[in-house]
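The values are calculated or read from the model by the stated rules, or taken from the named source; none is laboratory data. The model shown is predicted, which means the values in this text are computed figures rather than measured ones. Here the Cβ positions follow ideal geometry from the backbone for every residue, glycine too, while neighbour counts run over all protein chains shown. Keep in mind that these areas ignore ligands, DNA and RNA; they rest on the heavy atoms of the full protein, side chains included. Shrake-Rupley method; radii C 1.70, N 1.55, O 1.52, S 1.80 Å.
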Amino acid sequence: MSLSPCLVWDLFCRVIDNFGDVGVSWRLARDLAARGQRVRLWIDDAAPLRWMAPWGWPPGITVHDWPSSETADEAGDVVIETFGCELPPGFVARMAARATAPLWLNLEYLSAEAYVERSHGLSSPQFSGPGRGLDKRFFYPGFSPRTGGLLREPGLLQAQSRFDASAWLAALGLQRRPGERIVSLFAYPNPRLADLLATLAEQPTLLLVCPGAVQAELLQRELPAPLRLHALPFVSQDEFDALLWAADLNFVRGEDSFVRAQWAGKPFVWQIYRQDDGAHGPKLDAFLDLYLQDATAELAAATRSCWRRWNELETGHLRLPAEETAARTAATQALHWRAQLAPQQDLCSQLLGLAHKSS
Ligand code: TRH
C-alpha cells in the first residue's frame with residue numbers, strides 16, 4: 001500500500017449516547033493512521049476504547065481529553081468535527097491563526113436519503129466568531145459515487161476471505177451443530193424481542209448476543225430448545241467484524257455496525273437509531289429502496305416487512321428467510337449489494353484526496 005504524505009489530523013468526537021460516535025471516530029482514526037497519517041483524537045468519553053481497542057493506540061494516534069483541546073498545539077492540517085459536535089471556540093481560534101487555513105470538515109451521519117448527494121461537499125463560510133474567514137465543509141458518507149463513501153480499510157474483503165469461522169467459534173468453545181444457523185444480535189431494547197425468539201426457534205439456531213440490555217433480558221429467559229444462546233463480552237472492533245463474518249445472519253444497529261454488516265456480505269437486519277420526530281422511518285425506507293433495487297419482488301417484500309417490523313414501523317409477525325431457497329436468495333442479495341459498493345472509493349481515501357488537494 002502506498003502511503004500519502006503525512007498530515008496532522010485533529011478529529012473531534014462528542015459522545016451523545018451508545019457507541020456509534022466513538023466507533024466511527026476510532027475506526028476513522030485507525031484507518032488514517034494505518035495510511036501514514038498522524039491523528040489526534042479529542043474525545044469527551046474515551047471509556048469504550050478500553051474494549052474497542054484493548055491493545056492501546058496504534059502508532060500515529062494519540063487520544064486526548066476533549067476539554068484540554070483548549071491548550072492544544074497548533075491546529076492540524078485537517079480538522080474533522082464528527083456529527084456536528086461543535087468545536088471548542090479556543091481551538092477554532094487556533095485554526096484561524098494558522099498560516100495556511102486547515103481543511104475543516106463536518107463529518108455527518110450516514111443516510112441513503114436523497115439530500116445526502118445534494119449536501120455532500122457544501123461549504124459554510126464563517127463570517128463571525130473565532131473562525132472568521134475559515135470555511136467549513138460538509139462531508140456526507142453514503143452509498144453512491146456522489147457521496148463521501150463508506151469506511152472500508154484496505155484489504156478488508158481479502159481479510160474476510162481468509163477468515164476461518166470454525167476456528168473462531170472453537171476459540172469461544174463453540175461448534176456449529178448439524179443444520180444449525182448462526183445469528184448475531186446487536187440491538188437496542190426492543191418490544192419485538194419475544195417475537196424474534198419465536199421466529200428463531202423455528203430452526204436450530206446458535207444466537208451470539210452482544211452485551212447490553214438485550215443480552216441481560218435474554219439471559220433471564222428460558223429459551224426453546226432449538227435455540228442456544230452464547231453471551232459475548234464487549235470485544236475489539238476487529239473481533240466484532242469476525243463475529244459478523246462468522247454468522248449467517250446479523251442483527252445490527254446504529255451506524256457503524258450497520259456498515260460492517262454490509263461489508264460482511266451476509267444477510268442482515270438493521271435496527272435504526274430511533275428519533276423522536278420519526279425521521280428514522282423514511283431513513284430506513286430510503287436504504288431499503290437502494291438495497292433492494294435489484295432484488296426479486298418476493299425477497300424485497302419479505303426483507304422490507306421483516307426490517308420494518310423489527311423497527312416497529314409496522315405490525316405483524318417477524319419472519320426471517322428460514323427456508324433453504326429463501327435463505328440462499330437473501331445470501332446472494334447481500335453479496336450482490338457488497339459487490340455494488342466495493343468499487344466505490346472508500347471514505348478515508350476520499351478524505352485523503354481532499355486533504356492533499358487543499359494542503
Ligand atoms: O452503539 P450504536 O447504537 O451507536 C449509535 C449510532 O451511531 C447512531 O447513529 C448514533 O446516533 C448513536 O449511536 C448516538 O451502534 P453503532 O453505530 O453500530 O456503534 C457500535 C460500535 O461499537 C461499532 O463501532 C462496533 C463497536 N462494537 C465493538 O467494537 N465491539 C463490540 O463488542 C460491540 C457490541 C460493538
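Out of the residues in segment 320-339 that are part of a helix (DSSP H, G or I) and open to solvent by 70 Å² or more (accessible area, probe 1.4 Å), which is nearest to Asp294 (Cα to Cα)? Steps first, answer last, please.
Step one: of segment 320-339, the residues part of a helix (DSSP H, G or I) are 324-339.
Right, trim to open to solvent by 70 Å² or more (accessible area, probe 1.4 Å) and you get 324-325, 328, 332, 335-336.
Values: Glu324: 20, Thr325: 17, Arg328: 15, Thr332: 11, Leu335: 12, His336: 9 Å.
Checking each candidate, the answer is His336.
Among what's in segment 315-353 and is of a type in the set (A, V, I, L, M) and under 26 Å from Asn106 (Cα atoms), pick the residue that is farthest from the chain's Cα centre (by Cα). Break it down into steps so the answer makes sense when it comes.
Within segment 315-353, the subset of a type in the set (A, V, I, L, M) is 318, 320, 322, 326-327, 330-331, 334-335, 339, 341-342, 347, 351-352.
Going one step further and asking which of them are under 26 Å from Asn106 (Cα atoms), we end up with 341-342, 347, 351-352.
Numbers: Leu341: 15, Ala342: 16, Leu347: 12, Leu351: 17, Leu352: 20 Å.
The residue in question is Leu352.
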Inset, instruction - Determine whether segment 153-166 contains at least one residue that is within 16 Å of the ligand (Cβ to nearest atom), at negative phi, part of a loop (DSSP other than H, G, I, E, B) and open to solvent by less than 50 Å² (accessible area, probe 1.4 Å). - result: yes
Legend entry - Some residue of segment 268-284 being away from the ligand (no atom under 16 Å from the Cβ) and either of a type outside the set (S, T, N, Q) or out of contact with any Leu (no Cβ under 6 Å at 6 or more places or on another chain) (or both): no
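Suppose the filter is surrounded by 21 or more Cβ atoms within 10 Å (Cβ to Cβ) and either within 16 Å of the ligand (Cβ to nearest atom) or more than 21 Å from Gln160 (Cβ to Cβ) (or both); does Asn311 pass it?
Numbers: surrounded by 21 or more Cβ atoms within 10 Å (Cβ to Cβ): no; either within 16 Å of the ligand (Cβ to nearest atom) or more than 21 Å from Gln160 (Cβ to Cβ) (or both): yes.
Criteria not met by Asn311.
Before we move on, is Ala297 over 18 Å from the mean Cα position of the chain (by Cα), more than 27 Å from Leu206 (Cβ to Cβ) and without any contact (Cβ under 8 Å) to a residue 60 or more places away in the chain? Outline the logic, then answer.
Values: over 18 Å from the mean Cα position of the chain (by Cα): yes; more than 27 Å from Leu206 (Cβ to Cβ): yes; without any contact (Cβ under 8 Å) to a residue 60 or more places away in the chain: yes.
Yes, satisfied.
Keeping to segment 173-191, report how many residues are open to solvent by 40 Å² or more (accessible area, probe 1.4 Å) and under 24 Å from the mean Cα position of the chain (by Cα). If you could, list the steps in order and put the result at the bottom.
First, pick out the residues of segment 173-191 that are open to solvent by 40 Å² or more (accessible area, probe 1.4 Å): 173, 175-179, 189, 191.
Narrowing further to those that are under 24 Å from the mean Cα position of the chain (by Cα): 189, 191.
Here the count works out to 2.
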Inset, instruction - Please give the number of the condition Ser124 fails out of (1) assigned to a strand (DSSP E or B); (2) more than 17 Å from Cys13 (Cα to Cα); (3) in contact (Cβ under 8 Å) with a residue 60 or more places away in the chain. - result: (3)
Inset, instruction - Could you please let me know if Pro226 is away from the ligand (no atom under 14 Å from the Cβ) and either open to solvent by 10 Å² or more (accessible area, probe 1.4 Å) or within 30 Å of Pro58 (Cβ to Cβ) (or both)? - result: yes
Inset, instruction - Could you tell me whether Ala339 is within 30 Å of Ile80 (Cα to Cα) and without any contact (Cβ under 8 Å) to a residue 24 or more places away in the chain? - result: yes
Inset, instruction - State which residue pairs qualify: first residue under 13 Å from Leu156 (Cα atoms) and inside segment 256-271, second residue part of a helix (DSSP H, G or I) and within 12 Å of the ligand (Cβ to nearest atom) in any location, beta carbons under 6 Å apart, and separation of 6 or more residues or different chains. - result: Arg260/Asp241; Arg260/Leu244; Ala261/Leu244; Ala264/Leu244
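Look through Leu320, Leu341, Leu351 and report the one residue that is closer than 27 Å to Phe139 by Cβ, touching a strand residue (DSSP E or B) at 6+ places or on another chain (Cβ under 9 Å) and not small (Gly, Ala, Ser). Show your work before the answer.
Working: Leu320 fails: closer than 27 Å to Phe139 by Cβ; Leu341 fails: touching a strand residue (DSSP E or B) at 6+ places or on another chain (Cβ under 9 Å).
When all the criteria are applied, what remains is Leu351.
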Inset, instruction - Please indicate, with yes or no, whether at least one residue in segment 194-206 is within 11 Å of the ligand (Cβ to nearest atom) and either basic (Lys, Arg) or closer than 24 Å to Ser166 by Cα (or both). - result: no
Legend entry - Residue list for segment 266-303, restricted to those being farther than 20 Å from Leu335 by Cα and aromatic (Phe, Trp, Tyr): Tyr273
Legend entry - Residue selected from segment 13-64 under the condition under 27 Å from Tyr188 (Cα atoms) and among the polar types (S, T, N, Q), by the criterion least open to solvent (accessible area, probe 1.4 Å): Ser25
Inset, instruction - Taking Leu103 as the residue in question, decide whether it is more than 17 Å from the chain's Cα centre (by Cα) and surrounded by fewer than 22 Cβ atoms within 10 Å (Cβ to Cβ). - result: no
Legend entry - Cross-chain or 6+ apart pairs with Cβ under 6 Å, segment 23-35 first and within 18 Å of Ser4 (Cβ to Cβ), then surrounded by fewer than 23 Cβ atoms within 10 Å (Cβ to Cβ) and of a type in the set (Asp, Glu): Asp31/Glu153
